[in-house]
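In what follows, a single structure is set out as structure tokens and then discussed.
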Amino acid sequence: TFFVDDGVRARTRLDAVVCVADALNLPATLEESPEAENQIAFADVIVLNKTDLLPEDGGELMTLLGHYQALGYPVVTTTTAETHGLDALRARLAGRTSVFVGQSGVGKSSLIKALLNKFAPRGLRVIEVEKHDLTDLPEIVEQIASRPERFILYCDDLSFEADEPGYKALKVVLDGSV
């Protein structure tokens, strides 16, 4: 569980796990990586990114996509090359605190940058937090909680050992919501 600090938990919450996947390589990635399977299995929303790289007919991915949709997974298709799907993704995540997960190279960082470029005029902001600064997350959340803008707290290439201080701080914030 992410419940650690009652004060932070009362002000924050995690509403959705968003799994970002590379549309072109997803079938092969699922064959090779149990971690990728788990990320999709625990996702509340699946984002198939880089759809501009697919063949016209969608290839093998269309069959796979049909299976996920039949199981009730919301699927959003995106490409940051043409900003396709960003409005649908924003609508899916509006008012929710979400964490993006996915294998390296699927375009999580590019997707966040594309969202910022498209929605900054409407109040979207990004705060990049380095891994060693994650212990400051409760203070960051407190500073932005009453602001009118919406924020993406961004920490690139994040991985932990369970006993690291930043891991505990992140768990605290995810148990509530920004």
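The values are calculated or read from the model by the stated rules, or taken from the named source; none is laboratory data. None of the values given here were measured: they were computed from a predicted structure. Note: ideal-geometry Cβ built from the backbone for every residue, glycine included; neighbour counts use all protein chains shown. These area figures cover heavy atoms from the full protein model, side chains too; ligands, DNA and RNA do not enter into them. Shrake-Rupley method; radii C 1.70, N 1.55, O 1.52, S 1.80 Å.
In table form, for the structure just shown:
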{"item": "Qualifying residues in region 28-49 (those that are crowded, with 17+ Cβ neighbours inside 10 Å and over 16 Å from residue 74 (Cα atoms)) - the one farthest from the chain's Cα centre (by Cα)", "result": "29"}
{"item": "Region 117-140 residues that are on the phi < 0 side of the Ramachandran plot, paired with ones that are open to solvent by 80 Å² or more (accessible area, probe 1.4 Å) (beta carbon under 7 Å, 6 or more apart)", "result": "119/90; 124/150; 135/165"}
{"item": "Residue 63, sole failed condition from (1) surrounded by fewer than 12 Cβ atoms within 10 Å (Cβ to Cβ); (2) under 18 Å from residue 102 (Cα atoms)", "result": "(2)"}
{"item": "Selected residue (only one of 124, 116 is surrounded by fewer than 16 Cβ atoms within 10 Å (Cβ to Cβ) and over 21 Å from residue 40 (Cβ atoms))", "result": "116"}
{"item": "Residue, surrounded by the fewest Cβ atoms within 10 Å (Cβ to Cβ), within region 127-136, restricted to residues that are β-branched (Val, Ile, Thr) and outside any helix (DSSP H, G or I)", "result": "127"}
{"item": "Sole residue being under 20 Å from residue 15 (Cα atoms) and either in contact with a helix residue (DSSP H, G or I) (Cβ under 6 Å, 6 or more places away or on another chain) or open to solvent by less than 20 Å² (accessible area, probe 1.4 Å) (or both), chosen from 89, 93", "result": "89"}
{"item": "Odd one out for residue 9, checked against (1) touching a Gly at 6+ places or on another chain (Cβ under 8 Å); (2) at pLDDT 80 or above", "result": "(2)"}
{"item": "Some residue of region 50-59 being surrounded by 14 or more Cβ atoms within 10 Å (Cβ to Cβ) and within 23 Å of residue 99 (Cα to Cα)", "result": "yes"}
{"item": "Region 137-178: number of residues that are over 19 Å from residue 108 (Cβ atoms), charged (D, E, K, R), modelled with pLDDT of 75 or more and not in a loop (DSSP other than H, G, I, E, B)", "result": "2"}
{"item": "Close pairs from region 83-94: first assigned to a loop (DSSP other than H, G, I, E, B), partner of a type in the set (Val, Ile, Thr), Cβ under 7 Å, at least 6 apart", "result": "85/76; 85/77; 85/78; 85/79"}
{"item": "Selection within region 77-86 - buried (at least 21 other Cβ atoms within 10 Å of the Cβ) and closer than 12 Å to residue 23 by Cα", "result": "78, 79"}
